[in-house]
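Undergrad: What follows is a single structure, and I will ask about it in a moment.
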Amino acid sequence: MSALFDNDLPTGLDFGGSIYPIHTDFREWLRFEELLTDKDMPDRDRAPLMRDLIFPTVPPCPLPDLLEWIMWFYRCGKPRREVKQGSKAAPVCYSGEYDDDLILAAFWQVYGIDLSEISYMHWWKFHALFNGLPEGTKLGSVMSYRVMEIDRDMSAERKKQIAEMKKIYALPKPLSEIQRIETAKRQKEAYQKR
């Protein structure tokens, strides 16, 4: 199935001869993405929430099969990318929640589409347009800084500049990470008072 070659993009799961509609608007799938990347959410809680977010009426199939189909839809019908064992996961470079203004601005700048005024856009179309955004947008610059590696061959000035931009544009840390940092600070302060 392809957003380019198929006129009818998927809108539901065919299970046992019945079609179970899904939410296909990009807003729901940006929420799904937030849920998917939430490091504070236990996996046992994440799966049912993902299922319930996408399906108004849940098909009576096993949760692992349902999640596999949901991920297929999330990837816009593309095969899963193989990740080499031991390789680092790709860093999260945007958030629908925190970068909403940048996403709105980029779509307006590039496509003349005001996402706040349209009532619906299929996830697969949104995803294609999002992936096609050129580097000349503020969103593109911000995402680039978030994933940019600081190379040891860079000048000290360039390293400092990139580190500062990474700090300015960093996505909020997960609550669990903030709690770990606070605990470490308290332990350090307690140790220094001895």
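The values are calculated or read from the model by the stated rules, or taken from the named source; none is laboratory data. Being a predicted model, the structure only gives us computed values, none of them experimental. A quick note on method: Cβ atoms are made from the backbone with ideal geometry, for glycine too, and the neighbour counts reach across all protein chains shown. All accessible areas refer to the heavy atoms of the entire protein, side chains included, with ligands and DNA or RNA removed. Shrake-Rupley method; radii C 1.70, N 1.55, O 1.52, S 1.80 Å.
Undergrad: Across the range 14-26, which residue is nearest to L63 (Cα to Cα) among those that are at pLDDT 95 or above and in contact with a helix residue (DSSP H, G or I) (Cβ under 9 Å, 6 or more places away or on another chain)?
TA: The extreme case among them is I22.
Undergrad: Would you be able to tell me the number of residues in the range 108-138 that are closer than 29 Å to M148 by Cα and within 20 Å of the chain's Cα centre (by Cα)?
TA: Here the count works out to 16.
Undergrad: I need a count of the residues in the range 130-145 that are in contact with a Phe, Trp or Tyr (Cβ under 6 Å, 6 or more places away or on another chain) and open to solvent by 30 Å² or more (accessible area, probe 1.4 Å).
TA: 2
Undergrad: For the range 146-178, what are the residues that are open to solvent by 100 Å² or more (accessible area, probe 1.4 Å), modelled with pLDDT under 85 and not in a loop (DSSP other than H, G, I, E, B)?
TA: Answer for the range 146-178, where residues must be open to solvent by 100 Å² or more (accessible area, probe 1.4 Å), modelled with pLDDT under 85 and not in a loop (DSSP other than H, G, I, E, B): just L175.
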